[in-house]
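The values are calculated or read from the model by the stated rules, or taken from the named source; none is laboratory data. In this text, all values refer to a predicted model and were calculated from it rather than measured experimentally. Glycine also receives a Cβ, built like all others from the backbone with ideal geometry; neighbour counts cover every protein chain displayed. Each accessible area value is taken on the protein alone, full model and side chains, heavy atoms only, with ligands, DNA and RNA left out. Shrake-Rupley method; radii C 1.70, N 1.55, O 1.52, S 1.80 Å.
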Amino acid sequence: MKTEAGKSEAEPRPEKPEAKPARRGAKPAEQRLSGIPVSPGIVIGTIYDTTEAPAEAPRREITANAVELERTKLQDAAALSRKQVGKLKTRLTVLPEEAQEELEPLLDAYILMLGNSRLLRGARKRIGEELLSAETAVQDEAEAIAQAILAAKGDDKAGLNRRAGEVREIARRLTRNLTATPFRSLKGVPAGAIVVADELTPADAALLEPGKIAAVATEEGGADGHTAIMLRALGIPAVLGCHGLTAAARRGDMAMLDGGAGIVALHPDAATLTRAKAGLAAQAKERARLGKLKTLPAETLDGQAVELQANLEIPAELPLIAEAGAQGIGLLRTEFLFMNRDDLPDEDAQVEAYRGILEAMGQDPVTIRVLDWGGEKDMEALAEGVPVPTGPNPALGLRGLRLLLKRPALLEEQFAAILRVAHLGQVRILLPMVTVPSEVAQAREIYERVARRLRRRGEALPEKLPPLGAMIETPGAALAADAIALEADFFAIGTNDLTMYTLAVDRAEIDVAHLYDPLHPAVLRLMQFATEAALRLRMPVSVCGEMGGNPKLVPLLLGLGLRSLSMNASSIPRVKQAVRSLDIDDCARFARRVMEQSDPKRIAELVEEFAARTSEK
């Protein structure tokens, strides 16, 4: 079969199933196709097939006097491709956080490959030396790079396939632009449809609307590719690698898809529909059961209250927060105010944005993180006058609080806007990318200066200023937590970046992604150190990374002393369910046992064993 990367594998491909001819007027017989289960969920709906015309690009040689013309065509196609990928990045703000975290690094990699990359340098060289057309040169160079990647030694074959697929995907985009071949369109997909395609690229998956499309089934693809990860993040039931699907399915056909079992049934018979409806009822029952938790307290069996809050990316997610029963917003990312615009939002524009969020939240607490810009985000208005990281490690450059202290006017304006609406609710302010206590002290000096200026101006501020906290997301901050705690009012542990910086692993880098492990003892010890530093001063401390939204990790986090978790709104019901099944003393004993371990695999086994025991109670 074909992998998502497009590389043919050794095992033979089964023949496409042939539907038996139906009698005129008779209902077609059920045709059951098996694929790879990618994203769970049962759906009954109608097929909407989407085809993408192949780019007609036969091998073509050129004459020497056409070299510059072909190189110019290649340059123009690369520029157009960069623009298209840039537009895809603007789409990210309306996707769930997990989908953004999967797609943003990939799109950034695409943009790099569309710059002065090995692919384009090699293609330009082939045009001149081998007298090939631009599209032929691109295809030859991309395939040479992909084959070199796939030939690399290592056990991470899925990772190598993804990496080769990324190169082929960029070549595909360049070829379509060089030949003026249109891309797949998903604009006409009706609500409730099961989208069927030969394959979907990650870029296609980014255009899917989770609230509109019921499910996805493709002829090609695998469980480990970017598209599969995207579909799971979007929560869209999906079956990939379903051979014979595009030949058998027709637009408008009734179908049943089971994303957990990897089954697509075309023209389902009565028995299949009965089983599917029973599965749908079970899904609805589970949602209802979790829904009942909304009004119940997040409290352990022995009466310990745990605060469960939501992370907010954009205001459009506010209804999800209310639906999940969150106890406020534990992390409001303010980057949405600065994204995809040519100018900076002024103080009044920021006031209106914060006012709308605080009014929607009532008296529930809201923690607003000031701008966390790291050069990798698409913020053209900020780029002017700010050195944009151009080296291989922008994560280690001018970003977060470092940037804001270098351009204090940005921080002053954001502080002023937040303070002007602070009387509307329970507000806290969070500083990103803290590494040393002096950064918090400098920020507090600016904060208090802004407050004095606003009071002189007659603005209505709370008598007591909102707390000013620090994100603990670097090893330096964690190890200096006892000193930072003397400058900050609260901590928020960002486990995603803390894991990345501690292990020197970017999980978007295929070659090292398997080393990214939040259960690594070093990460857990840094979390423990920071948590204990806060608790000694009776200072609030929370987790606002992905670990906080994983029900299996809740016992460990509670055992380490944490009582406040912030996560995606969709994770809150299951985390609350986990909290209500636990006893704090059991969690503390479990955490002590985990912290005695030195092997991440053994820690993962202990986590699974504890989760299994808890679920049996």
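Exactly one residue out of Ile429, Ile418 is within 22 Å of Thr474 (Cβ to Cβ) and either under 29 Å from the mean Cα position of the chain (by Cα) or hydroxyl-bearing (Ser, Thr, Tyr) (or both), and it is Ile429.
Of all residues in the stretch 464-477, one or more are open to solvent by 20 Å² or more (accessible area, probe 1.4 Å) and not in a loop (DSSP other than H, G, I, E, B).
For the stretch 355-370, which positions are of a type in the set (S, T, N, Q) and open to solvent by 20 Å² or more (accessible area, probe 1.4 Å)? So that I can check it myself, show each step before the final result.
Step one: of the stretch 355-370, the residues of a type in the set (S, T, N, Q) are 363, 367.
Across the stretch 355-370, the qualifying residue is only Gln363.
Just to be sure before I move on: is Leu519 within 29 Å of Leu293 (Cα to Cα) and crowded, with 22+ Cβ neighbours inside 10 Å in the structure I sent?
Values: within 29 Å of Leu293 (Cα to Cα): yes; crowded, with 22+ Cβ neighbours inside 10 Å: no.
Judged against the criteria, Leu519 is not a match.
In summary, Glu52 fulfils each of the numbered conditions (1) in contact with a Phe, Trp or Tyr (Cβ under 9 Å, 6 or more places away or on another chain); (2) open to solvent by less than 50 Å² (accessible area, probe 1.4 Å); (3) at pLDDT 70 or above; (4) not small (Gly, Ala, Ser) with the single exception of condition (3). Just one of the listed residues (Glu102, Glu98) is open to solvent by 60 Å² or more (accessible area, probe 1.4 Å), at pLDDT below 70 and in contact with a helix residue (DSSP H, G or I) (Cβ under 6 Å, 6 or more places away or on another chain), and it is Glu98.
Whether any residue in the stretch 595-604 is acidic (Asp, Glu), outside any loop (DSSP other than H, G, I, E, B) and open to solvent by 40 Å² or more (accessible area, probe 1.4 Å) is what I want to check.
Residues of the stretch 595-604 that are acidic (Asp, Glu), as a first pass: 596, 599.
Now drop any that are not outside any loop (DSSP other than H, G, I, E, B), which leaves none.
No.
Among the residues of the stretch 297-321, those identified as among the small types (Gly, Ala, Ser) and touching a residue at least 12 places away in the same chain (Cβ under 8 Å) are Ala298, Ala305, Ala310, Ala316. Of everything in the stretch 396-425 that is farther than 28 Å from Leu454 by Cα and surrounded by 15 or more Cβ atoms within 10 Å (Cβ to Cβ), the residue that is modelled with the highest pLDDT is Leu398. Only one entry in Pro467, Pro437, Pro462 is closer than 23 Å to Ile357 by Cα and modelled with pLDDT of 95 or more, namely Pro467.
Could you count how many residues in the stretch 429-443 are open to solvent by 50 Å² or more (accessible area, probe 1.4 Å) and more than 20 Å from Leu498 (Cβ to Cβ)? So the count comes out to 2. Can you find a residue that is at pLDDT 95 or above, within 28 Å of Ala109 (Cα to Cα) and either in a helix (DSSP H, G or I) or open to solvent by 10 Å² or more (accessible area, probe 1.4 Å) (or both) anywhere in the stretch 553-573? No, the stretch 553-573 contains no residue that is at pLDDT 95 or above, within 28 Å of Ala109 (Cα to Cα) and either in a helix (DSSP H, G or I) or open to solvent by 10 Å² or more (accessible area, probe 1.4 Å) (or both).
Give Ala481, Ala504, Ala513 a once-over and let me know the one that is small (Gly, Ala, Ser) and at pLDDT 95 or above.
Ala481
Close contacts from the stretch 543-572, counting a first residue that is at positive phi and a second that is open to solvent by 20 Å² or more (accessible area, probe 1.4 Å), with Cβ to Cβ under 6 Å and a gap of 6+ residues or different chains, come to Gly561/Leu535.
Can we say Ala305 is open to solvent by 20 Å² or more (accessible area, probe 1.4 Å), out of contact with any His (no Cβ under 8 Å at 6 or more places or on another chain) and at pLDDT 95 or above?
On the way: open to solvent by 20 Å² or more (accessible area, probe 1.4 Å): yes; out of contact with any His (no Cβ under 8 Å at 6 or more places or on another chain): yes; at pLDDT 95 or above: yes.
Considered against the rule, which asks whether it is open to solvent by 20 Å² or more (accessible area, probe 1.4 Å), out of contact with any His (no Cβ under 8 Å at 6 or more places or on another chain) and at pLDDT 95 or above, Ala305 comes out as yes.
If only residues of the stretch 131-151 that are touching a residue at least 40 places away in the same chain (Cβ under 8 Å) and open to solvent by 20 Å² or more (accessible area, probe 1.4 Å) are counted, the one that is nearest to Ala203 (Cα to Cα) is Gln139.
Out of Ala228, Ala247, Ala217, report the one residue that is in contact (Cβ under 8 Å) with a residue 12 or more places away in the chain, under 17 Å from Leu33 (Cβ atoms) and touching a strand residue (DSSP E or B) at 6+ places or on another chain (Cβ under 9 Å).
Just one listed residue meets the conditions, Ala217.
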